[in-house]
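Participant: Quick one: the structure is below, and I'll ask about it shortly.
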Amino acid sequence: MPDWPTSFGSWYKIPKLVGGVKFEHTHRMIAQGAGLLTIILAVWTWRAEKRRWLRVLGFAALGTVIAQGILGGITVLFYLPPAVSSAHAALAQTFFSIAVAMALFTGKKWVEEQPRVEFDPRRPSLVTLTLLSVFVLYVQLILGAMFRHHGLSWWPHLANAVVVSFVLAWTAVRALTVYSQIEAVRRPAILMLSLVIAQLCLGFTAFLTRVAWGRDAVQPELPMVMATVAHVAVGALLLASTVILAIQVWRHVPVAFEESLPEAERNPSAA
């Protein structure tokens, strides 16, 4: 009689997870868990949520996860093409920002509070500055992903970091100096500014370990990996906090539009 456990074990063996194989397999397992949770989130939101736009946002989150899986598969099949790998990275941060926004929209404070509104007569408006901040951050994460996947040199990412720092500092200073009394605007502005400072420090560390010190390394060394991972993670938090600031500014600090009045009403003495 054959020894079934031994025979089965010799027929089916799980490869030992070492090095890059271990990290890639763990990455896929976490991605499957995130996909399952997103399916539950989308279905639950569609059944329980009365706000139609939020139900649509739930399925938008699911769509980004599906697209993310497709891009991940293409990345593996075609051996890490820079454009596809960069799109894979950018879409991941898009999904994270959508998930954070949904957490905000379904929170008790968002649903029950009466928002304090102050119209913004300045130009450019704070709404414009927050949207510009989100845009330059997206450009930055794409440039960073292209550099990591050897599709672009490091200097465009470094040059755009100067633009990102200026725009986000401008946005945060405007929010904190003019609308600090609105907590929903003040808190994400402080968080965004703090993350910008942390991100600059991590970016400098990643540059040293990857470009200056690790240029001739055969395999990525631990300091290089840790600095890069921390840089990418804080970048995701920075993008999400900027998106939240844009949403809160849109809600609490709308743009003040000047009404078009006839000349006689604007200047009674001219009548």
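Participant: Kindly check whether there is at least one residue in the range 57-67 that is over 20 Å from residue 244 (Cβ atoms), of a type outside the set (Val, Ile, Thr), touching a Gly at 6+ places or on another chain (Cβ under 8 Å) and in a helix (DSSP H, G or I).
Facilitator: No: the range 57-67 contains no residue that is over 20 Å from residue 244 (Cβ atoms), of a type outside the set (Val, Ile, Thr), touching a Gly at 6+ places or on another chain (Cβ under 8 Å) and in a helix (DSSP H, G or I).
Participant: Within the bounds of the range 99-117, is there any residue that is among the hydroxyl-bearing types (Ser, Thr, Tyr) and in contact with a helix residue (DSSP H, G or I) (Cβ under 7 Å, 6 or more places away or on another chain)?
Facilitator: The answer is no, given that none of the residues of the range 99-117 is among the hydroxyl-bearing types (Ser, Thr, Tyr) and in contact with a helix residue (DSSP H, G or I) (Cβ under 7 Å, 6 or more places away or on another chain).
Participant: Sticking with this structure for a sec: Within the bounds of the range 184-201, is there any residue that is at pLDDT below 95 and among the polar types (S, T, N, Q)?
Facilitator: No; the residues of the range 184-201 include none that is at pLDDT below 95 and among the polar types (S, T, N, Q).
Participant: Taking the condition farther than 21 Å from residue 49 by Cβ and under 19 Å from the mean Cα position of the chain (by Cα), does residue 99 pass?
Facilitator: Against the criterion (farther than 21 Å from residue 49 by Cβ and under 19 Å from the mean Cα position of the chain (by Cα)), residue 99 does not qualify.
Participant: Of all residues in the range 104-137, how many are loosely packed, with under 15 Cβ neighbours inside 10 Å and outside any loop (DSSP other than H, G, I, E, B)?
Facilitator: 5
Participant: Okay, next question. If I filter the range 97-118 for residues that are out of contact with any Gly (no Cβ under 7 Å at 6 or more places or on another chain) and closer than 15 Å to residue 31 by Cα, do I get at least one hit?
Facilitator: Yes, the range 97-118 has at least one match.
Participant: Return only the number of the condition from (1) surrounded by 18 or more Cβ atoms within 10 Å (Cβ to Cβ); (2) within 14 Å of residue 127 (Cβ to Cβ); (3) of a type in the set (Lys, Arg) that residue 210 does not satisfy.
Facilitator: Exception for residue 210: condition (2).
Participant: Given the condition modelled with pLDDT under 95, within 22 Å of residue 91 (Cβ to Cβ) and surrounded by fewer than 21 Cβ atoms within 10 Å (Cβ to Cβ), answer yes or no: does some residue in the range 151-162 qualify?
Facilitator: Yes: one or more hits.
Participant: While we're looking at this one, here's another question. So residue 29 clears everything in (1) surrounded by fewer than 14 Cβ atoms within 10 Å (Cβ to Cβ); (2) closer than 14 Å to residue 95 by Cα except one condition, right? Which one?
Facilitator: (2)
Participant: Please determine whether any residue of the range 55-73 is at pLDDT below 95 and hydroxyl-bearing (Ser, Thr, Tyr).
Facilitator: Looking for residues that are at pLDDT below 95 and hydroxyl-bearing (Ser, Thr, Tyr), one finds none in the range 55-73, hence no.
Participant: Does residue 100 meet the test of being assigned to a helix (DSSP H, G or I), in contact (Cβ under 8 Å) with a residue 40 or more places away in the chain and in contact with a strand residue (DSSP E or B) (Cβ under 6 Å, 6 or more places away or on another chain)?
Facilitator: No; evaluated as a whole, the condition is false for this residue.
Participant: Restricting the search to the range 167-182, which residues are more than 19 Å from the chain's Cα centre (by Cα), surrounded by fewer than 16 Cβ atoms within 10 Å (Cβ to Cβ) and assigned to a helix (DSSP H, G or I)?
Facilitator: Result: 170, 173, 176, 177, 178.
Participant: Taking the range 202-233, which residues are at pLDDT 90 or above, within 25 Å of residue 94 (Cβ to Cβ) and of a type in the set (Val, Ile, Thr)?
Facilitator: Correct list: 228, 229, 232.
Participant: Give just the number: which of (1) in contact with a Pro (Cβ under 7 Å, 6 or more places away or on another chain); (2) modelled with pLDDT under 80 does residue 251 not satisfy?
Facilitator: Here residue 251 meets the rest and fails (2).
The values are calculated or read from the model by the stated rules, or taken from the named source; none is laboratory data. Please read all numbers here as calculations on a predicted model, not as lab measurements. In this analysis, Cβ positions are derived from the backbone assuming ideal geometry, glycine residues included, and neighbour counts consider all displayed protein chains.
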